[in-house]
Amino acid sequence: MKRLLLAMIVVLSAGALLLVGNAARTSASTSALSAQQIPKESKEQPKKVKLDTDSLDDKWGEIAFDHENHAIKNYTPDGKTKGTCVECHHTDQPKEKLTPPLVTSERNVSLTADVLKDAAAAPVKGCRSCHLQAGDDSKPLPVIKKDGKDLKLDNEVAYHSNCFACHDAAIKARPDLATKISGSDPKGCNKCHVAK
């Protein structure tokens, strides 16, 4: 009788753990699914967008990137100030403000939400306008040096470089964030990516 009771407890516990794990994965997937695709260009700021929807990696899926939080909250490394649009949208600033390896500029003024309110303002282009999918050689990609190697700045390298630089700086400035945000491996790809 005791063995049967013990076996039932083990089976029920395993079932509960499986249910909780599936609920967590479903929650992450639902969050990613509620995000919208990045438009090719737009004057409207999105709330959440899907990054990496067509990743070549078999293990990691898309990311539900909260654009609204990164645009209006104090999401800079120090946690005390709001970021600027050009931290990610680097082509949307005057050429003289660019720092290497950035070389492409398409605006005479730095992008802000107010700039986009002007009817004559050009829309913001999506990352894929320049940072193509790996293997797409339809136009030349910028190249950077990393760890002594030349890397084409395809969309995956561009996203990871930009996100890691900011997240790593935030973790360095505020170590308590290490469990909340991912920087670079081995800090936890699953903090941002939905596993496939």
For this session: Report PHE65's accessible area, 1.4 Å probe, all protein chains in place, as a number in Å² to the nearest 10.
Result: 40
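Can you tell me, using C-alpha contacts under 8 Å and at least 6 residues apart, the relative contact order of region 90-132 as a whole percent?
Numbers: 39 pairs, mean separation 13.2, N = 43.
Reported relative contact order: 31 percent.
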Problem set entry | Cα gyration tensor shape for region 70-196, rounded if a/c is under 1.5, else prolate or oblate | oblate
Seminar exercise, completed: With all protein chains present and a 1.4 Å probe, the order of ARG174, ARG128 from largest accessible area down is ARG128, ARG174
For this session: Just subtract the alpha-carbon distance of GLN37 and GLU96 from 0.36 nm times their residue separation and send over the number in nm, one decimal.
Result: 18.1 nm
Exercise. Given the Cα-Cα distance of THR179 and LYS59 and 0.36 nm per residue of separation, how much length would full extension add, in nm?
Worked result: 41.0 nm
Exercise. How about LYS172: which aspartates and glutamates have a C-alpha closer than 19 Å to its C-alpha, ignoring those fewer than 8 places off in the same chain?
Worked result: ASP78, GLU87, ASP185
Problem set entry | Links that overshoot a 25 Å alpha carbon limit, given the list LYS47/LYS149; LYS47/LYS117; LYS40/LYS80 | LYS47/LYS149; LYS40/LYS80
Problem set entry | Cα-Cα over 28 Å, subset of LYS43/LYS180; LYS95/LYS145; LYS48/LYS146; LYS43/LYS73; LYS50/LYS82; LYS146/LYS191 | LYS43/LYS180; LYS48/LYS146
Exercise. In nanometres, what is the gap between the two model label sites at ILE72 and VAL103, each 7 Å from Cα along Cα-to-Cβ?
Worked result: 3.8
Exercise. Can you give the extra length, in nm with one decimal, that the chain gains between ASP137 and CYS189 once fully stretched, where that is 0.36 nm per residue apart less the Cα-Cα distance?
Worked result: 16.0 nm
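The values are calculated or read from the model by the stated rules, or taken from the named source; none is laboratory data. Just so you know, these numbers come straight off a predicted model, no measurement behind them. Quick reminder, even Gly has a Cβ in these numbers, built from the backbone with ideal geometry, and neighbours come from all protein chains shown. Heavy atoms of the whole protein, side chains included, go into the accessibility calculation; ligands, DNA and RNA do not. Shrake-Rupley method; radii C 1.70, N 1.55, O 1.52, S 1.80 Å.
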